[in-house]
Amino acid sequence: MPRGRKINPAALYFPAVIQEKLSYLKDYPLTIAHAPAGFGKTTALNHFLEQNLSQTTPVLRHTFLVRQAAASWNSICRLIARVDQGCAEELSAIGIPNSDTAADTAEVLENLECQRETYLVLDSFELSGLPEPERFLWLLSKHGGEKLHIVAVTRELAVSPMLSNHRIYRMNAEDFMFRAEDTAAYFHQAGLDVMPGQTLAAHQAAGGWVLALHMQVMAYVKNGSFSTAGATQLIHQVVWDGLLEAERQLFLSVSILPRFTLAQAAELSGMDGALTEALLERQSAFVHFDEETHSFYLHTVFAAFLREQFQLLPEERQKAIYLAGGDLASRSGDRPNTLRFYYYSGDWERLLAMPLTSYELADVIDESTRPMILDVMEHTPYALKAKYPASMVPLAFTLFFLHENAQLIAMQGEIAQIIRESDLPQQRKNELQGEMELLLSFLEYNRIGDMSRRHRRALELLGGPAALINRKSTWTFGSPSIFYMYWRESGKLAEELAQMDECMPIYYELTRGHGVGAEHVMHAEAWFLRGEDGEAEILCHRALFTAETRHQNSIYLCARFLLAQIALLRGDQAMFQEAVGAIQERSRFNTEDLCRYTQDLCLGWLNALLGNDKAVAPWLGEGDITEQRLVVMTQPFAYIIYGRCLLLRRDWRRLLGACQHMQALSSIFPNLFGQLYAKLYMAQALCALGQRSEAVSALHEALDMALPDQVYLPFAENYAGIRDLLSALVLPERRAELERIAALAERLDGSLARLRAEKPALTPREREIYELIKSGTTSHKAIAAALYISVPTVKNLLSRIYEKTGVSSKTQLVLLEL
């Protein structure tokens, strides 16, 4: 080595061939840089962008560090908002992308506008936690921003044909590997003067992996020769062995955090801030700084090494680190890590001593924290729980949220005892007991009287509103019908309606108006199902006005859905379009998880009744009804729609199987509405399969179930399929009701036929847009260019077409014949 030449382990070398390959990303809407950790993807990309873009070219970045889909989606939307605010708002309203929302997400992205050259970098994309990451990347590749270039840097990528198209540029591990000549140039750049044979041996040992080459430089500095150790042992030799004990403790402490600030690192290490910063900078190859959050995070390979070292620590030391991490997380408002770290520290008293609220706990519950919550609730000693009675109700709420109702019921006695025997003032005891009564009322669903007894007791104990319920949360569990939810016993409808009138004001007082207007909707639905649409409409409007006073979107949607059904019964095209448009508009802003599929249920019901099962949302039309989409309380409603789709397709055996499953689901609470439709569908399927006596029996059961409460309309909807079966029934005592059903069926059939024959009246310009979409021209910009109009005009016209047709996407629109 020449005298005075100094080795610089921090030196960077960027092979021209890699930089040339990166240059192609300028030509593609999406680039995917996919290689294992340590291949220098991010470093090479950053160098390319710094050297090849002007200082005024925006480069927007986000690094994913925790697999939390909701947080990741919000971050992506924030980035896109810096390019196209309107596009970001629409994406946020659609929600986390998945197979159900793919069409809507694609449509919004296709119409994204980017007025200037912009680069958007999604680093460590594999940690986004999005449910279908490859599908989302495919959707991203379809974005319409001609000057926008998105780069996804990732270590994990499933093999998918979707990611092989002309809009996606792929760079894989081999594209980031150093060649032998690159290794030689890198070593020279770092100040190493070694024999070619040594360089080649080091290159072959590293396999072109740049991180391994960097560590070989560090090994040479330390030992005067290259190392033959593997990656983990190499980190141990060149990094770990050279650290002081205090420095090791720093890295072990911060290794539990996905990201950390300088102040947090200094506090955990007990070292001076300047000294801590110097140490972090000295390990810049393994410690990165995120400009977006102004925090540090560890290189993936180093983080994995530290996790192994952490497990070698004595248990007490591990717990001490977790405890300190929990204190840091608590002060920074990081609720998920506060819960995790206090749990792992074993100091569950810290967890119980937190100022817990139901809302905060609901925010941190997922499959990873579920076992922690259950463990704490089940195995914390009674004496320790008794020290923190105020934490018991929020923790009990998590059991309900986790659907651990049996566990909640088993623990309610213990919680009541803890509150009763506590040293709290009697007023505070009453408040906790009141909150618990409100929580337990949910376990009485859908028994109105039993729920209300709990509500009255809760209000009596609290003396005012409870803190347990967030008024912004849905009241309907995503159901578009309140009648469906609470009609549970044949012949008792009048009693159930009276109970609603009597009970809901108590609940409103207890929850500051949560679900206000629900009783008006249920009354309206009862009138409508009798065929009295005039009374139903009046009550619908009353419910709308009432719901709006407290911003109760779920009730608003129920009322609008009923107005759309009234419009179908009347054959009123204008009224139908107004109601459907209002459903679509309000659903865009109702992004709560339980309500994400309410619009699909509303429009699916309406389209299926119109005989257009092709316009039903694909998941619903195919019967893919799961807990990931709908809670069990709402699933039978979806099966009613799916059943009608099968009825239209004359898929009789599949229909019988679906109805049997629907009956089982509907018996859980129970729910008569689902059972009634199951019987009606089964009667038609059995008849079609030649089992006439069984069909007559099923229809007889349906009549016995519904007629005591004057529920006629379901029979009218299915009249064409049950008319002949009705003639086989000798029911003189039901003659007037059967005539009422026949008249209602005739009215409905006439209205539906008129609506089908009329078809939506599109203006000439709307017709042009429809024809372009049918022919495959789907982007707003392409449509605008073809018609010589502006993009905003296209958006407005398309919204009007959706309102008129009752669909919510271009994918559904192309299936219609207008």
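Distance from the Cα centroid of segment 61-136 to that of segment 558-621 is 27 Å (rounded to whole angstrom).
Annotation: amide H of residue 120 within the under-5 Å range of 60, 149, 150, 151, sequence separation 5 or more or interchain, hydrogens built in the peptide plane. Separation of segment 779-807 and segment 146-220, taken as the distance between their Cα centroids, equals 47 angstrom. Within the straight-line cut-off of under 12 Å between alpha carbons, the aspartates and glutamates reachable from residue 614 are 622, 817, sequence neighbours fewer than 8 places apart in one chain being disregarded. Fewest-first ordering of 572, 27, 600 by other beta carbons within 10 Å of each residue's beta carbon gives 27, 572, 600. Positive-end ranking of 49, 552, 393 along the dipole of the chain, with charges on Cβ about the Cα centre, is headed by 49. Taking 7 Å steps out from each Cα toward its Cβ at residue 585 and residue 753 produces label points 3.4 nm apart.
Where only DSSP H runs of four or more residues are counted, the chain gives -19000 deg cm²/dmol as its mean residue ellipticity at 222 nm, each run worth -39500 (n - 2.57). The length gained by stretching the chain between residue 307 and residue 282 to full extension, at 0.36 nm per residue less their Cα-Cα distance, is 6.9 nm.
The lysines whose alpha-carbon is closer than 21 Å to the alpha-carbon of residue 492, local same-chain residues fewer than 8 away aside, are 679. When only Cα pairs below 8 angstrom with a gap of at least 6 residues are kept, the chain shows a relative contact order of 9 percent. Take 400-406, 579-585, 343-349 and order them by the average number of nearby Cβ atoms within 10 Å per residue, most first; the result is 579-585, 343-349, 400-406. What the Cα atoms of segment 529-629 give is an Rg and a Dmax of 13.9, 38 Å.
The chymotrypsin sites (Phe, Trp or Tyr not before Pro) found in segment 736-810 that occupy coil by DSSP, while having at most 13 further C-beta atoms within 10 Å, are 788. Among beta bridges from DSSP that stay inside the chain, the antiparallel ones total about 20%. Fully extending the segment from residue 50 to residue 172 would add 41.8 nm, taking 0.36 nm per residue of separation and subtracting the current Cα-Cα distance. Scalar couplings 3J(HN,Hα) for segment 728-744, obtained by applying the Karplus form with A = 6.51, B = -1.76, C = 1.60 to θ = phi - 60°, are 7, 8, 9, 10, x, 6, 9, 4, 4, 5, 5, 5, 4, 4, 4, 5, 5 Hz; x denotes Gly and Pro. In this model, which of 21/222; 319/387; 774/804; 26/142 are farther than 24 Å apart at the alpha-carbon? Over 24 Å apart, Cα to Cα: 21/222. The distance between label points at residue 179 and residue 668 comes to 6.2 nm (points 7 Å beyond Cα on the Cα→Cβ vector).
Extension gain, residue 793 to residue 71: 0.36 nm times the residue separation minus the Cα-Cα distance gives 256.6 nm. Oblate is the label for the chain, because the ratio a/c of its alpha-carbon gyration tensor axes (a ≥ b ≥ c) is 1.5 or higher and a/b is not greater than b/c.
Coordinate-derived values only; no laboratory data. What you are looking at is a predicted structure, and each value in this text was computed from that prediction instead of being measured. Don't worry about glycine lacking a Cβ; one is built from the backbone with ideal geometry, like all the others, and counts go over all protein chains shown.
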